[in-house]
1. Take the Cβ-Cβ distance between Arg132 and Asp23 as r, set R0 to 41 Å, and report the resulting FRET efficiency rounded to the nearest 0.05.
2. Counting pairs of alpha carbon atoms under 8 Å apart in space and at least six apart in sequence, what relative contact order in percent does the range 63-210 give?
3. About its Cα centre, how strong a charge dipole does the chain have in debye, to the nearest 20, once Lys and Arg get +1 and Asp and Glu get -1 at the Cβ?
4. Give the total of Lys-Lys pairs in the chain with Cα-Cα distances below 29 Å; include a pair only if its members are 8 or more places apart or on different chains.
5. Once phi is turned into ³J(HN,Hα) by the Karplus curve 6.51 cos²θ - 1.76 cosθ + 1.60 with θ = phi - 60°, what whole-Hz value does each residue of the range 193-204 show in order, with x for glycine and proline?
6. Using only Cα atoms, tell me the angle between helix 108-121 and the longest principal axis of the chain; keep it within 0 to 90° and round to the nearest 10.
7. For n ≥ 4 DSSP H runs only, could you compute -39500 (n - 2.57) per run for the chain, divide by its residues and tell me the 222 nm figure to the nearest 500?
8. Using only Cα atoms, tell me the angle between helix 9-19 and the longest principal axis of the chain; keep it within 0 to 90° and round to the nearest 10.
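Values in this text are rule-based calculations from the coordinates and carry no lab data. Everything quoted here is computed from the prediction, not taken from an experiment. Methodologically, a virtual Cβ is constructed for each residue, glycine included, from the backbone with ideal geometry; neighbour enumeration extends over all protein chains shown.
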Amino acid sequence: MSLKSVESLAGEVARYAALAAFDVEPGARGSLVAWLSELVAWNARLDLTAAKTATELVELMIGDALELARVVPRDATVVDVGTGAGAPGLGLACVRPDLVITLVEPLQKRCSFLRQAIGKTKCAKVTLLHGRLDVATDAMARATFVFSRATFAPNEWLAEAAAVVVPGAQVAVLLAKEPVPSDSRMRLLGTHAYGLAFSGRDRSIATFERTTEA
């Protein structure tokens with residue numbers, strides 16, 4: 001990604017937020033740009049994203065985060081399993097400072113980047129765990145809202161989360177063209193449909209609540 005693209009990140013973040021009708025506060029916008037600028041710098045040597053332009057990068061990294069920000073309850077304790085380079089969990093942390101967020105990532109190179117990026121964003125309520133789902137079970141058992149993007153198939157993620165979260169906790173499943181999954185232990189609370197603001201690609205977030213039933 002060129003230096004020109006890095007310099008345009010702030011403008012593309014503001015443009016995306018405007019098209020998505022999401023009011024990003026100046027401080028949050030600065031945090032998003034700090035994270036994405038760091039990602040561009042690290043990507044030159046670690047290949048953290050396949051995005052080729054600032055436009056592609058902004059949509060990929062913050063598109064789902066802004067929509068999750070509309071559905072996550074206030075003051076929730078959140079876990080993002082398989083966060084990659086921080087999407088959508090770190091983006092969510094930038095725009096929702098009321099949330100306590102744990103990012104879980106199995107690849108060491110991504111964790112190295114994330115430690116630096118978290119510091120750059122100055123998001124104080126973000127914790128990073130290095131590992132797969134098994135290292136996240138304690139955090140998920142304490143969480144009130146958990147999600148994972150593209151790490152598991154929708155039905156697999158819903159089943160894995162249902163086995164760990166406590167009754168009353170919410171599980172979000174991020175969907176593209178897949179049908180809404182189901183699990184006998186989970187009650188569907190609703191779906192939030194949206195289009196990614198730059199590309200128009202359809203997405204939805206199905207939110208479930210863990211019931212007390214086995």
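1. 0.70
2. Values: 290 pairs, mean separation 30.8, N = 148.
The value is 21 percent.
3. In debye, rounded to 20, the chain gives about 400.
4. 11
5. Values, residue by residue: 9, 7, x, 4, 5, 7, 8, x, 4, 6, 9, 8 Hz.
6. So the inclination is approximately 70 degrees.
7. Estimated from H runs of four or more residues: -13000 deg cm²/dmol.
8. 50 degrees
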